[in-house]
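One structure is given below, encoded as structure tokens.
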Ligand SMILES: [Zn+2]
């Protein structure tokens with residue numbers, strides 16, 4: 001099985017632009033980790049189908065302001081039962097529908113940035129009908145500034161897979177035992193660890209680098225066969 005990186009098609013006809021952010025999020029952490037010194041929050045980790053509006057303290061997830069480690073851990077445990085099982089919940093993880101405005105021409109598949117994937121509802125349904133696995137479409141709450149606009153859904157993606165050690169620095173330290181920070185930079189040339197890749201999901205985030213959205217060969221074949229547009233695929237080496 002081959003695997004591919006999802007990338008936005010940069011052809012000029014794809015003028016679609018979403019000026020929108022997720023409804024809720026876990027805050028960043030104010031103080032530095034006492035072990036490794038890292039702080040702040042992550043980018044690109046989102047669960048757009050997770051609705052926290054019934055939590056008694058959901059208003060605390062409206063505020064982007066950093067909080068203490070103790071308060072972060074408390075809020076994280078409130079959200080955990082609502083999130084997919086076993087999934088990472090880091091400072092800055094976001095939830096719920098994106099809200100904002102949109103305009104322009106959107107391909108059948110659309111990426112606002114490398115870590116977010118949207119599809120027209122029809123495209124999602126056609127891929128599901130073709131047997132593609134791992135497609136969970138979540139509603140968005142976006143005002144289009146044009147009359148004819150697509151019914152876009154954002155995908156909520158599972159996390160799977162690791163980099164192969166051959167593409168990581170040989171002196172890479174293990175993740176911080178206190179905060180879990182992996183201190184990892186995107187490799188210059190990505191090589192995926194074949195043994196860590198799923199056999200039963202056709203689109204997912206790389207668990208070790210979740211700003212990368214990965215497609216299986218099955219998904220790429222289906223997208224090409226159905227002539228769905230808006231993204232391109234870059235084959236990744238696996239080892
Ligand atoms: Zn740490």
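No lab work stands behind these numbers, since they all come straight from the coordinates. Please read these numbers as outputs of a predicted model, since none were measured by experiment. Note that we place each Cβ from the backbone using ideal geometry, even for glycine, and neighbour counts take in every protein chain shown.
The figures follow:
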quantity: Relative contact order [Cα under 8 Å, 6+ residues apart], the stretch 19-96, whole percent; calculated: 54
quantity: DSSP beta bridge pairing in the stretch 87-180, given as percent antiparallel to the nearest 5; calculated: 65
quantity: Cα convex hull of the chain - mean projected area over all directions, nm²; calculated: 13.8
quantity: The chain: most fluctuating residue of 108, 128, 146 per GNM, C-alpha cutoff 10 Å; calculated: 146
quantity: Pair residue 191, residue 9: separation of 7 Å Cα→Cβ label points (nm); calculated: 3.3
quantity: nm² value of the averaged projected area, convex hull over the Cα atoms of the stretch 134-225; calculated: 9.2
quantity: Principal axis dimensions, the stretch 1-61 - Cα atoms, whole angstrom, descending; calculated: 45, 34, 29
quantity: For the stretch 66-136: Kirkwood Rh in Å [reciprocal of mean 1/r, alpha carbons]; calculated: 15.3
quantity: Residue with peak Gaussian network fluctuation, the chain [Cα springs, cutoff 10 Å], from 124, 228, 172; calculated: 172
quantity: Ratio Rg/Rh, restricted to the stretch 1-142 and using Cα atoms, in which Rh is the Kirkwood radius; calculated: 1.01
quantity: Fraction of alpha-carbon pairs over 16 Å apart in the stretch 19-96 - percent; calculated: 46
quantity: Contact order normalised by residue count of the chain, Cα under 8 Å, 6+ apart, percent; calculated: 30
quantity: Of 59, 171, 221, the one that fluctuates the most in a GNM where the chain has Cα springs shorter than 10 Å; calculated: 171
quantity: Pairwise Cα inverse-distance average, inverted: Kirkwood Rh of the stretch 82-203 (Å); calculated: 17.3
